[in-house]
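S.K.: What follows is a structure written as structure tokens; I'll ask about it next.
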């Protein structure tokens, strides 16, 4: 499922917050001061749902000039912009500045909403449409829809919902292969939970329980809980508004502008090489050595602009520049930024980062300018991605790629790091690479196989891992096959049922009838009560009335595929809890013994030879143990 963020922009008191409430039913003004003053100070969040299950997050950003910093923090993760213009006032100074900022941040799609249509005459409204169309010429909103609404009466709201629905459906799906990155725009404490941060997940996917790094400080932490739209989730995806509970950190350890990222994936620097663009409507010329405020994600830092090929940059011009910062910044190549004049505060330009950790450059050096030109065009990366693609699913290492490309290892690693950071290359195994297009091919085949399996076996939790590997990869080495399957799991496309060693599509769920749900509880209780010495499957099924046997068999099969029951042998199942107790006693035995015999396992379980042998043979098949004559040693272990 794709995840899209819609961002409002526009002048103060033009009705953005009331418009969002009319669209979603959610009031995004959450601070008492906002209620009292009637303006949005902090970022507000809502979600818009459609009957077909499509959902989009909405960021309500502040319109008042004094709160432009918060507006910039919210604009970084926007996919679609909703520029709001009040019918009774038209374009205002902050409307122009917000539109400039959205353009500098690379937002390419959106629409214009003229609010408060109930407050003006039809002739005035038509004149306002013409003015708005003229004012957005030359921007990404030229030619985009212009809709008139009244949040007060509801007139035009449904048409706006329909238009947004179509635009959301057209937004491309974000890659889950890029290491996750979440700029922090809010930090607070929750009793009983600890420190919580919020932000828009701009890249990748975050999983509950995985390690994380707070940058630029480098503090290590762990994701302890994830929420999206107020609901706990196992995984959050790029394009979602996320609340993250971080383990082991106090509120004072984090500040707005920090970033939560996958450890080791974001570089820290005090310098950035950039393509700098001056606003065409700016009244200022950017001089070499100008001091500015740099806005990146939710961070605001002081920086000095070093123009690398000239002494001044006039309105509408662009050039290569180096930004030298007063504090460290955590960024990536390709990130967008905005700069504002130091004093008085006004937006003067922005651009894109070409090198997130460069050396200090001298000005007017042809080699430096040529290198930046190459970085901007991405030619080196294109050669690498083409070569990686030629290896298909073979997962070449850096040595093989270096030899084929004739490229130095250090240069190659830099290109690979860049491609990994934007999701064009993946690393299914440490130091071994695949093109994203190759993984897409695996996913297409995997989706088809699992869709067919779920259709034929609607009560099975998933397909056996061995069967999926064999059909998907034929004779591929199991280590490589499992690496690709892990990659699809990490991307949130499929999920592994660990207990039963099966795979399913991420959104697949088994749906029991009311009667089958009752049978599920009954069967689980039969096996839980029996413990180790269970009846055969046929004997268990025979205990049900004839009219329930078919349903009971289907439910029992479903419990085996879902891991609630463990099938040790074709006619012998244990409850999951019974199996885990057997694992625990065997593990404890191996802690002080190198081998385990059948007689010892029988005594550990307090049962007969039949059941001890069944579980040991199950261990052998799973490579937990390895049989050697009359005893067993640990194999891969528990």
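The values are calculated or read from the model by the stated rules, or taken from the named source; none is laboratory data. Note that the structure is a prediction, hence the values are computed from the model and not measured. Here the Cβ positions follow ideal geometry from the backbone for every residue, glycine too, while neighbour counts run over all protein chains shown.
S.K.: Restricting attention to segment 419-444, report how many residues are crowded, with 19+ Cβ neighbours inside 10 Å, without any contact (Cβ under 8 Å) to a residue 60 or more places away in the chain and not in a strand (DSSP E or B).
M.R.: The total comes to 4.
S.K.: Let me ask something else about it. Exactly one condition in (1) outside any loop (DSSP other than H, G, I, E, B); (2) in contact with a strand residue (DSSP E or B) (Cβ under 7 Å, 6 or more places away or on another chain); (3) more than 30 Å from residue 333 (Cβ to Cβ) is false for residue 461; which is it?
M.R.: Among (1) outside any loop (DSSP other than H, G, I, E, B); (2) in contact with a strand residue (DSSP E or B) (Cβ under 7 Å, 6 or more places away or on another chain); (3) more than 30 Å from residue 333 (Cβ to Cβ), residue 461 violates only (1).
S.K.: Also, quick follow-up: Would you confirm, using the coordinates I've provided, whether residue 344 is more than 31 Å from the chain's Cα centre (by Cα) and closer than 18 Å to residue 103 by Cα? I'd like the intermediate steps shown before the answer.
M.R.: Details: more than 31 Å from the chain's Cα centre (by Cα): yes; closer than 18 Å to residue 103 by Cα: no.
For residue 344, the condition - more than 31 Å from the chain's Cα centre (by Cα) and closer than 18 Å to residue 103 by Cα - is not met.
S.K.: Taking residue 214 and the conditions (1) assigned to a strand (DSSP E or B); (2) more than 22 Å from the chain's Cα centre (by Cα); (3) at pLDDT 90 or above, which numbered condition does it fall short on, given that it satisfies the others?
M.R.: Evaluating residue 214 over (1) assigned to a strand (DSSP E or B); (2) more than 22 Å from the chain's Cα centre (by Cα); (3) at pLDDT 90 or above leaves (2) as the failure.
S.K.: Please work out which one of (1) under 26 Å from residue 335 (Cα atoms); (2) in contact with a helix residue (DSSP H, G or I) (Cβ under 7 Å, 6 or more places away or on another chain) is the condition residue 169 fails and give its number.
M.R.: The one condition residue 169 does not meet is (2).
S.K.: All but one of (1) without any contact (Cβ under 8 Å) to a residue 24 or more places away in the chain; (2) surrounded by fewer than 16 Cβ atoms within 10 Å (Cβ to Cβ) hold for residue 553; state the number of the condition that does not hold.
M.R.: Result: residue 553 passes all but (2).
S.K.: Just need a number here: residues in segment 251-266 that are in contact (Cβ under 8 Å) with a residue 60 or more places away in the chain and not in a strand (DSSP E or B).
M.R.: Looking only at segment 251-266, we keep the residues that are in contact (Cβ under 8 Å) with a residue 60 or more places away in the chain, and these are 251, 254-262, 265-266.
Checking the rest, the ones that are also not in a strand (DSSP E or B) come to 251, 254-258, 262, 265-266.
Going through segment 251-266 one residue at a time, the tally reaches 9.
S.K.: Still on this structure: Select, from 408, 487, 491, the only residue that is buried (at least 19 other Cβ atoms within 10 Å of the Cβ) and modelled with pLDDT under 90. Break it down stepwise before answering.
M.R.: Numbers: 408 fails: buried (at least 19 other Cβ atoms within 10 Å of the Cβ); 487 fails: modelled with pLDDT under 90.
Selected residue: 491, the only one of 408, 487, 491 that is buried (at least 19 other Cβ atoms within 10 Å of the Cβ) and modelled with pLDDT under 90.
S.K.: Just wondering, is there one or more residues in segment 508-516 that are part of a helix (DSSP H, G or I), modelled with pLDDT of 90 or more and touching a helix residue (DSSP H, G or I) at 6+ places or on another chain (Cβ under 8 Å)?
M.R.: For segment 508-516, residues part of a helix (DSSP H, G or I), modelled with pLDDT of 90 or more and touching a helix residue (DSSP H, G or I) at 6+ places or on another chain (Cβ under 8 Å): present.
S.K.: So if I check each of 144, 137, which one is free of Cβ contacts under 8 Å to residues at least 24 places away in the same chain and in a loop (DSSP other than H, G, I, E, B)?
M.R.: 137
S.K.: Please find, within segment 267-294, the residue that is surrounded by the fewest Cβ atoms within 10 Å (Cβ to Cβ) out of those that are at pLDDT below 90 and either in contact with a strand residue (DSSP E or B) (Cβ under 6 Å, 6 or more places away or on another chain) or part of a loop (DSSP other than H, G, I, E, B) (or both). Before the answer, list the steps.
M.R.: Residues of segment 267-294 that are at pLDDT below 90, as a first pass: 267, 280-283.
With either in contact with a strand residue (DSSP E or B) (Cβ under 6 Å, 6 or more places away or on another chain) or part of a loop (DSSP other than H, G, I, E, B) (or both) added as a condition, the list becomes 280-283.
Values: 280: 14, 281: 12, 282: 18, 283: 9.
Only one residue tops the list, namely 283.
S.K.: If you scan segment 342-365, which residues turn out to be over 26 Å from residue 417 (Cβ atoms) and either surrounded by 22 or more Cβ atoms within 10 Å (Cβ to Cβ) or modelled with pLDDT of 90 or more (or both)?
M.R.: Matches in segment 342-365: 347, 348, 349, 363, 364.
S.K.: Still on this structure, I have one more. Considering every residue within segment 466-474, establish whether at least one is in contact (Cβ under 8 Å) with a residue 60 or more places away in the chain, touching a helix residue (DSSP H, G or I) at 6+ places or on another chain (Cβ under 6 Å), assigned to a helix (DSSP H, G or I) and not assigned by TED's automatic domain parsing to the domain that holds residue 204. Show your work before the answer.
M.R.: Filtering segment 466-474 for residues in contact (Cβ under 8 Å) with a residue 60 or more places away in the chain gives 473.
From the residues that got through so far, the ones that are touching a helix residue (DSSP H, G or I) at 6+ places or on another chain (Cβ under 6 Å) too are 473.
Now restrict to residues that are assigned to a helix (DSSP H, G or I): 473.
When the remaining residues are screened for being not assigned by TED's automatic domain parsing to the domain that holds residue 204, the result is 473.
Yes, segment 466-474 contains at least one residue that is in contact (Cβ under 8 Å) with a residue 60 or more places away in the chain, touching a helix residue (DSSP H, G or I) at 6+ places or on another chain (Cβ under 6 Å), assigned to a helix (DSSP H, G or I) and not assigned by TED's automatic domain parsing to the domain that holds residue 204.
Every residue, every condition in (1) assigned to a strand (DSSP E or B); (2) in contact with a helix residue (DSSP H, G or I) (Cβ under 6 Å, 6 or more places away or on another chain); (3) crowded, with 17+ Cβ neighbours inside 10 Å, yes or no:
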site	(1), (2), (3)
372	no, no, yes
376	no, no, no
387	no, yes, yes
394	no, no, no
399	no, no, no
417	no, no, no
